[in-house]
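Chemist: Following this message is one structure expressed as structure tokens.
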Amino acid sequence: AQSVTQPDIHITVSEGASLELRCNYSYGATPYLFWYVQSPGQGLQLLLKYFSGDTLVQGIKGFEAEFKRSQSSFNLRKPSVHWSDAAEYFCAVGLMDSNYQLIWGAGTKLIIKP
Amino acid sequence: NAGVTQTPKFQVLKTGQSMTLQCAQDMNHNSMYWYRQDPGMGLRLIYYSASEGTTDKGEVPNGYNVSRLNKREFSLRLESAAPSQTSVYFCASSLTQGGETQYFGPGTRLLVL
């Protein structure tokens, strides 16, 4: 069965440090790939998405993600985190053979140390 | 332009009671979705509506019904609430179904006692 794995439930990073959040998927073909962010008590907001083309994707708020087909991964990165980046981050994949319905990872909660 | 709105924001029900969660979008989107979010499980799709007049089951439809009232509105009904339905419910919409960005409402927190 298709699945999306975010191996880190929590990550703690110092303000100003770099960040990488991991996402792996299990699917035969290349899916559509998304990263969403959820601030406390809020709905989800799209950070970036990959459909095709350049495997390094730029998003909002200074985030980027790289699709690596050989590793079935779509990791999210930011060179220098800010306290306002504290939130929960969700990776999702859209699968062609299920009408692109999204399958979601369990999320990674980002904690920023001052 | 409010985006996706949901009512109510918070609700407490007793087991066996019924309620309807309302969702509306003003972006002229064709597709709408209902998810539930539980700790450690990400989002799970309950029902979706690819276009006005159609609805389909998602991953966890049992205990729920939906109505696509018109292009703007998509409601979720719990006929007989159970404690297992305690969750945060999100409505989302997208221009079309085919991999388009989904826009989310602020969520409804539901507690079933």
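Chemist: From the list A:A106, A:A86, which one is small (G, A, S) and in contact with a strand residue (DSSP E or B) (Cβ under 6 Å, 6 or more places away or on another chain)?
Modeler: A:A86
Chemist: Filter the stretch A:43-61 down to residues that are away from chain B (no Cβ under 14 Å) and in contact with an Asp or Glu (Cβ under 9 Å, 6 or more places away or on another chain), then give me how many there are.
Modeler: Residues in the stretch A:43-61 being away from chain B (no Cβ under 14 Å) and in contact with an Asp or Glu (Cβ under 9 Å, 6 or more places away or on another chain): 4 in total.
Chemist: Could you pull out the residue among B:R77, B:R68, B:R72 that is among the charged types (D, E, K, R), away from chain A (no Cβ under 14 Å) and crowded, with 19+ Cβ neighbours inside 10 Å?
Modeler: B:R68
Chemist: Looking at (1) of a type in the set (S, T, N, Q); (2) more than 15 Å from B:L43 (Cα to Cα); (3) in contact with an Asp or Glu (Cβ under 7 Å, 6 or more places away or on another chain), which one does A:N24 not meet, given that it meets all the others?
Modeler: Tallying (1) of a type in the set (S, T, N, Q); (2) more than 15 Å from B:L43 (Cα to Cα); (3) in contact with an Asp or Glu (Cβ under 7 Å, 6 or more places away or on another chain), A:N24 fails exactly one: (3).
Chemist: Which numbered condition in (1) of a type in the set (S, T, N, Q); (2) touching a residue at least 24 places away in the same chain (Cβ under 8 Å); (3) within 19 Å of A:L95 (Cβ to Cβ); (4) loosely packed, with under 14 Cβ neighbours inside 10 Å is the only one that A:S72 fails?
Modeler: (4)
Chemist: Looking only at the stretch A:78-114, how many residues end up being at pLDDT below 95, touching a helix residue (DSSP H, G or I) at 6+ places or on another chain (Cβ under 9 Å) and among the hydrophobic types (A, V, I, L, M, F, W, C)?
Modeler: Of the residues in the stretch A:78-114, 0 are at pLDDT below 95, touching a helix residue (DSSP H, G or I) at 6+ places or on another chain (Cβ under 9 Å) and among the hydrophobic types (A, V, I, L, M, F, W, C).
Chemist: If you don't mind, there's one more thing I want to ask. Among the strands (runs of 3 or more DSSP E) lying completely within the stretch A:14-113, list those that include at least 1 residues that are under 25 Å from B:K57 (Cβ atoms).
Modeler: Because the criterion is at least 1 residues that are under 25 Å from B:K57 (Cβ atoms), the strands (runs of 3 or more DSSP E) in the stretch A:14-113 that meet it are A:24-26, A:32-38, A:44-50, A:87-94, A:102-104.
Chemist: Keeping to the stretch B:39-65, report how many residues are in contact (Cβ under 8 Å) with a residue 12 or more places away in the chain and farther than 19 Å from B:Y103 by Cα.
Modeler: Adding up the residues that qualify gives 8.
Chemist: Quick one: how many residues across the stretch B:28-44 are more than 26 Å from A:Q6 (Cα to Cα) and either assigned to a strand (DSSP E or B) or in contact with a Phe, Trp or Tyr (Cβ under 9 Å, 6 or more places away or on another chain) (or both)?
Modeler: 2
The values are calculated or read from the model by the stated rules, or taken from the named source; none is laboratory data. Keep in mind that what you see is a predicted model, and the values were worked out from it rather than measured. When we count neighbours, we look across all protein chains shown, and the Cβ atoms used for this are built from the backbone with ideal geometry, even at glycine.
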